[in-house]
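> Handing you this structure, nothing more for now.
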Amino acid sequence: MIRFPIKLNELSDRIEQHKPGWLRRAADRTRMIREEGRYDETSSIWSEVKAVYMRLQGNECAYCERTLEPETYGLVEWDVEHFRPKGRISAWDPPDGLSLLGVAPVPVPASNAGYYRLAYHPFNYCACCKPCNSSLKGARFPVEEAYCLDGESPRRMVADEHPYLIYPLGSVDVDPETLIEFHGLSPRAKKRRRWSRRRALVVIAFFRLDDASGRKNLFRERARLLQVVYPQLVKESDQAMSAQERRRATELLSRFTADDSAHANCVRSFVRLFRSNPDRARLLTEATEAWFLTVS
Ligand SMILES: [Zn+2]
């Protein structure tokens, strides 16, 4: 995961520009939902702004960092995901290994209400792929402190609830890249501090980001990228290369590490490793190639 920087007013402007009047209609709906005290609509309007989030994220899934087709033909591949579920919240049981490390979500509320007040909050949406949203996340939202179902400020709710999942848009939450990095093809927790570490481990387990068999395609894509990036790193650092060749390598590396490039966290981690320990990066590349040649 990486962060996609944007301020709320800028996001609102983009929404208004894409769908004039949407924010007003969303505010009207929120008023009615608030009066009801739960989300109970028979129709919704958030898919009308799906493309705004896809563009903001460089057509990259907010959770697994795969890139999908942009809006011309790709809308159907994407979900507008409610980060905090608008209706009833489903329980998520951590794997045994995480329980032993202190991951212990509080029981989900018995109420059907969910985060009804955030059903139309621009900072409660992100665009993500169907495996991440429909197969893995659904209405699950584990927290460590307490559910604040009446909350209306996602930023404040991070402190009050201690959600395990990380919201990647704007500066509502911590930058995911400060908590999660990659070692070759595999994500891992970056910090040793307990809460930061638990969050990273939950995100990795929740979205199966380290499941080389269940999410084989993720691993394949990361492996292909590292095999393309490694020669450019070698070229960039080789004094025997012409200035023009080295500059070209730097340009390509900038492209592969940009926010709108697939698996940017993985590639950036690898680039950092190469620049601090090129021998280790070479060994990892050899291991990646060996895996790529044998995976079916
Ligand atoms: Zn995804």
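> Under 6 Å between Cβ atoms, at least 6 apart or on separate chains: pull out the pairs that start in the range 1-25 with a residue that is in the same structural domain as residue 176 (by TED's automatic domain parsing) and end on any residue that is open to solvent by 60 Å² or more (accessible area, probe 1.4 Å).
Listed by first residue and then by second, the contacts come to 23/16.
> Go over the candidates 58, 21 one by one and state the one that is at positive phi and over 18 Å from the mean Cα position of the chain (by Cα).
Being at positive phi and over 18 Å from the mean Cα position of the chain (by Cα) holds for just one of 58, 21, which is 21.
> When the residues of the range 114-143 are filtered to those that are open to solvent by 30 Å² or more (accessible area, probe 1.4 Å) and within 16 Å of the ligand (Cβ to nearest atom), which remaining residue is farthest from residue 216 (Cα to Cα)?
140
> Among the numbered conditions (1) outside any helix (DSSP H, G or I); (2) of a type in the set (Ser, Thr, Tyr); (3) closer than 30 Å to residue 180 by Cα, tell me where residue 42 comes up short.
(3)
> On the basis of being modelled with pLDDT under 95 and touching a Phe, Trp or Tyr at 6+ places or on another chain (Cβ under 7 Å), does residue 74 make the cut?
When the stated conditions are applied, residue 74 does not pass them.
> Every residue in the range 1-15 that is assigned to a helix (DSSP H, G or I) and either at pLDDT below 95 or open to solvent by 70 Å² or more (accessible area, probe 1.4 Å) (or both), please.
Once the filter is applied, which keeps residues that are assigned to a helix (DSSP H, G or I) and either at pLDDT below 95 or open to solvent by 70 Å² or more (accessible area, probe 1.4 Å) (or both), the range 1-15 yields 8, 9, 10, 13, 14.
> Look through 121, 162 and report the one residue that is farther than 25 Å from residue 68 by Cβ and assigned by TED's automatic domain parsing to the domain that holds residue 63.
That would be 162, the only listed residue that is farther than 25 Å from residue 68 by Cβ and assigned by TED's automatic domain parsing to the domain that holds residue 63.
> Continuing with this model, one more query. For the list (1) open to solvent by 80 Å² or more (accessible area, probe 1.4 Å); (2) assigned to a helix (DSSP H, G or I), I need the number of the one condition that residue 239 fails.
(2)
> Another one. Out of the residues in the range 212-231 meeting the condition of being of a type in the set (D, E, K, R) and surrounded by 14 or more Cβ atoms within 10 Å (Cβ to Cβ), tell me which one is farthest from the ligand (Cβ to nearest atom).
224
> Something else now. Go through the range 156-173 residue by residue and tally those that are under 12 Å from the mean Cα position of the chain (by Cα) and of a type in the set (A, V, I, L, M).
The number of residues fulfilling the criteria is 3.
> Would you be able to tell me the number of residues in the range 46-79 that are among the charged types (D, E, K, R) and without any contact (Cβ under 8 Å) to a residue 12 or more places away in the chain?
Qualifying residue count, the range 46-79: 1.
> Taking residue 176 and the conditions (1) touching a residue at least 12 places away in the same chain (Cβ under 8 Å); (2) open to solvent by 60 Å² or more (accessible area, probe 1.4 Å), which numbered condition does it fall short on, given that it satisfies the others?
(2)
> Something else about it: Give 250, 285 a once-over and let me know the one that is touching a helix residue (DSSP H, G or I) at 6+ places or on another chain (Cβ under 6 Å), at pLDDT 95 or above, farther than 30 Å from residue 137 by Cβ and crowded, with 18+ Cβ neighbours inside 10 Å.
Checking each option against the conditions leaves just 285.
> Against the conditions (1) under 23 Å from residue 90 (Cα atoms); (2) without any contact (Cβ under 8 Å) to a residue 60 or more places away in the chain; (3) open to solvent by 30 Å² or more (accessible area, probe 1.4 Å), where does residue 204 fall short? Just the number, please.
(3)
> Would you be able to say whether some residue in the range 184-201 is within 16 Å of the ligand (Cβ to nearest atom), among the small types (Gly, Ala, Ser) and closer than 30 Å to residue 92 by Cα?
No, there is no match, as no residue in the range 184-201 is within 16 Å of the ligand (Cβ to nearest atom), among the small types (Gly, Ala, Ser) and closer than 30 Å to residue 92 by Cα.
> Could you list all residues from the range 72-113 that are more than 16 Å from the ligand (Cβ to nearest atom), open to solvent by 30 Å² or more (accessible area, probe 1.4 Å), closer than 26 Å to residue 41 by Cα and touching a helix residue (DSSP H, G or I) at 6+ places or on another chain (Cβ under 9 Å)?
Within the range 72-113, 86, 92 meet the criteria.
> Open to solvent by 40 Å² or more (accessible area, probe 1.4 Å) and touching a residue at least 40 places away in the same chain (Cβ under 8 Å), is that true of residue 268?
Criteria met by residue 268.
The values are calculated or read from the model by the stated rules, or taken from the named source; none is laboratory data. As the structure is a computational prediction, the values presented were derived from the model and not from experiment. Note that we place each Cβ from the backbone using ideal geometry, even for glycine, and neighbour counts take in every protein chain shown. When the accessible area is computed, the model is the full protein with side chains, heavy atoms only, and any ligands, DNA or RNA have been set aside. Shrake-Rupley method; radii C 1.70, N 1.55, O 1.52, S 1.80 Å.
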